[in-house]
Amino acid sequence: MTVSAVRDSRRDVYRWGAITTIGAVAGYIAVLLANARHFYTDDTESQYTGLWIGLGRSLREGVFPVLVPERWMSGNNTMDDAGLFNPPQLLIDLIAPSVDNMALYATVVKLIFAVIAALGVYRICLAYGGRPAWSAAAGVAFPLSGFFLFFDEASWMTALTGTAWLVHAWASSVRYTRGTGGPIPVFVFLYLTISTQYIFPAVEAAIMLFAVAVGELVHQRKWQPVARLTVAGACAGLAGLLTFLPSMMSAKVTWRGSSQIINDQFLTVPWSESLNASLPSTMPAFSSWWGYVQPMPVTYIAWFLIPALAFIDWRRAKESWRELSAVGVFSVLMLMWAAGPGSIGPLRWPVRVLPMLAIGLLVLVCVLLGRYGTVRDLKNRGIAAGVLIGLLWVRSFSADPHAVLWHVVAALAIVALGAGVVWLDRTKGVAAACALTIAAMFPIAYFQVKAAQPTPMTWNLPTDRSAAADAFPNFPGNTIQLAERGLLQPQDKSLEGAYGSLVFGNYAKSLDLSYVNGYTPTGHFYFGELLCMRWDSSVCPDAYRRMFAPEPTTGRPLVDLMKLDRVVLQRALFPDARDQPAPPDWKWVDYPGHERYISVLERVDGPTSTVNGRVADAKNVTATSISETDTTSRVRVSSADGGRVTFARLGWPGYRVTLNGESIPINVVAKSFVAVDIPAGTHEAELVLTWRPPGWKIGIAAMAAGVLGIGALQWLYVRSRRRDASTSDEDRPSGDPERALAEVVS
């Protein structure tokens, strides 16, 4: 091979990489034309954007926001999907408060990660010897695959970011084991995957490493490359341990504390649904929030995926089974996981791994097409493709028989597109065929998103923060809202309606208001039971009574133990509350223009949240706040006969307390409020209550060990490269084009 040929191959790789990027952008544009809010829906609008703003404000103030006590159940950011130790996520947080239109910001951020994900799939294909054109087809197809498009990109932001980093970790792992890349990219991409703080990408990354290790053992028949990859993966795991240690060590007080395996059928996907992977009209059948037949094509992967199997020379492809065995192992494992069980400890809803199955199948098929694609014996291959399309139609029809005409139209469209790709391949070459393959994805994505409107996932929260803040009441101090989101009617879901008066999810963070209410997927079990508060901060009708009922241990109501300044009641949930006298020491307050949706109680004597720090109750103790931060309370205490101080802090694991420098035990009132027993004879002692994420010392030490370990691996890698280079220089001329090509393509 000549040097010019190597140069052309390198250009080909970069050219199709650029096409992959452009294709990902074009796919986003097609989706936005069908639904401008597609990337600002469900958890993105209710959880993530508000979280970004809240975290970003804290970071700008110089505070690392591990804990926000006034948020109560949603204030422990080491428990939820905050990505506190993920540098790109922290950058997203820092920018967020400067952007007024959160729909625009979320869409731009997600576009960046969609491009990262597309290029990652492209890199995996190249690492396995795929040709650039078909590798680009796989890269562009992935962000437009059903579940990834309709859930991960539309709603579950951490699933999107975790997957985007994971595919690069996969490509870098293959390169490292095959000697064309170093250990640092493996470490960096694995760490970024883990530190998104979402458990699914972390577990999927471990399975990916296992599959690559098995595949490379089969392919290379040498244990040394696999051993090096194992050490690199372990180093990344050690570095990422701090991300999950706090939640692991706090799980016993959360909703997710169970380690049971439950084999329910909710959001489990039968294997036969994989036969829907290439029919754009498919609406798969499995149990979800919307019944049995789904309103979105979540099992769809790419229109060409299944019919393309007919155009692979399988006799020749058999020679690559060892090289591609890792992809097959990964795909099979994900296919099995998608079918159940429904819950494995914190890993629930197996449907979430469908993007992993899509990655495996796209890589496998597109690598084989690039290396062994053929249009010889066209008649028989055309018949085989027709049979495969017929199977797609039958499976989609059996899942959703009411849309039979759409299935027929979709099948005919695939036939026409397939014929066009074959014709272009024969007359114009592979590049033209792949161009049509990619171009066809955009109208398909448009029609799929358009057909799913109105989306059943949207909360329809306001997009412009300044307009929302102007419309909302000015509520200083600490507020709790007692409301039920399910009582909102479609006509209420606007800024002119309920969203001008009520907050759900993390909406209050977007408004820069201090509300107890927030979104939490891993809420505090006992606090949730105390207030019957759910993940979206909705409550039951008994919550109002509970708020003002005396807590047996202290005799104080929850509103006092939480040091709340205001209670907002949803009129739809408590229609007669305003007709009753206000509780003692509270008064009804009018907020003109908001009476339709809320009734408001405020304290007669003014705010209490700013009085005496976070000391909520002191029995037989004189307790005076000295200083307060989010994680530390310093209090001067005296007690002749002994007593107890109760704090307006939720009893997460991780609190420690000292009295004049000596450690003393922590108690918890109502299994929710941090309390400290003060010994008799205490006089003007300094009590210091401090919270740190559980396991933080172990996590930091593990991170240091991981960084040192990967540094040692990199040193060994550089050393071996220099040795190999000197040996190779003696045997070959410098600038050998074949070796240069291997560096580019693999």
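Here is how the numbers come out for the structure above:
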| read-out | value |
| --- | --- |
| Under the span-like rule (Cα at least 24 Å along the axis, Kyte-Doolittle mean at least 1.6), DSSP H helices of the chain | 102-127, 354-372, 404-427 |
| Distance (nanometres) between label positions extended 7 Å along Cα→Cβ at Glu595 and Arg656 | 5.5 nm |
| Most to least packed among 325-333, 120-128 [average Cβ atoms within 10 Å] | 120-128, 325-333 |
| Karplus-derived HN-Hα couplings along region 609-615 (A = 6.51, B = -1.76, C = 1.60, θ = phi - 60°), whole Hz, x at Gly and Pro | 5, 9, 9, 6, x, 9, 6 |
| DSSP-defined beta bridges in region 465-603 - what % are antiparallel, rounded to 5 | 70 percent |
| Cut-off under 5 Å, modelled amide H: who pairs with Glu551 long-range | Arg556, Leu558 |
| Distant-in-sequence amide H partners of Thr682 (H built 1.01 Å from N, under 5 Å) | Ser639, Gly642 |
| Listed residue (Val115, Pro462, Thr610) projecting farthest to the positive dipole end of the chain, Cβ model | Val115 |
| Principal axes of region 615-694: Cα extent on each, largest first, Å | 33, 24, 19 |
| For Gln481, distant residues with modelled amide H under 5 Å away | Val516, Asn517, Val568 |
| Cysteines (scope the chain) whose Cβ has no counterpart Cys Cβ under 4.7 Å | Cys125, Cys235, Cys366, Cys434 |
| Among Pro307, Pro694, Ser633 - extreme Cα towards positive end, dipole of the chain, charges at beta-carbon | Pro307 |
| Whole-Hz couplings from phi, Karplus 6.51/-1.76/1.60, listed for region 486-500; x for Gly and Pro | x, 7, 5, 8, x, 6, 7, 7, 7, 5, 6, x, 5, 6, x |
| Region 387-463 and region 640-677: distance between their alpha carbon centers, rounded to Å | 61 Å |
| Cα-based Kirkwood hydrodynamic radius, region 465-603, one decimal, Å | 15.3 Å |
| For region 541-611 versus region 268-325, the gap between their alpha-carbon centres in whole angstrom | 54 Å |
| Separation in nanometres of the label points that stand 7 Å from Cα toward Cβ, at Ile112 and Arg634 | 3.8 nm |
| Lysine pairs in the chain with Cα atoms under 23 Å, if 8 or more residues apart or on separate chains | 14 |
| For the chain, Kirkwood radius (reciprocal of mean inverse C-alpha pair distance, Å) | 28.2 Å |
| Additional length obtainable on full extension of the chain from Ala317 to Lys428, 0.36 nm per residue less Cα span | 37.6 nm |
| Table column - 3J(HN,Hα) (Hz), region 303-311, Karplus curve with 6.51, -1.76, 1.60, x for Gly and Pro | 5, 8, 4, 6, x, 5, 4, 6, 10 |
| Cα-centre dipole for region 615-694 with unit charges at Cβ (Lys and Arg positive, Asp and Glu negative), debye to 20 | 240 debye |
| Order by protection proxy (mean Cβ within 10 Å, highest first), peptides 465-475, 42-52 | 42-52, 465-475 |
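Values in this text are rule-based calculations from the coordinates and carry no lab data. Just so it is clear, the structure is predicted and the values come from calculations on it, not from any experiment. With ideal geometry, Cβ positions are generated from the backbone for all residues, glycine too; neighbour counts draw on all protein chains shown.
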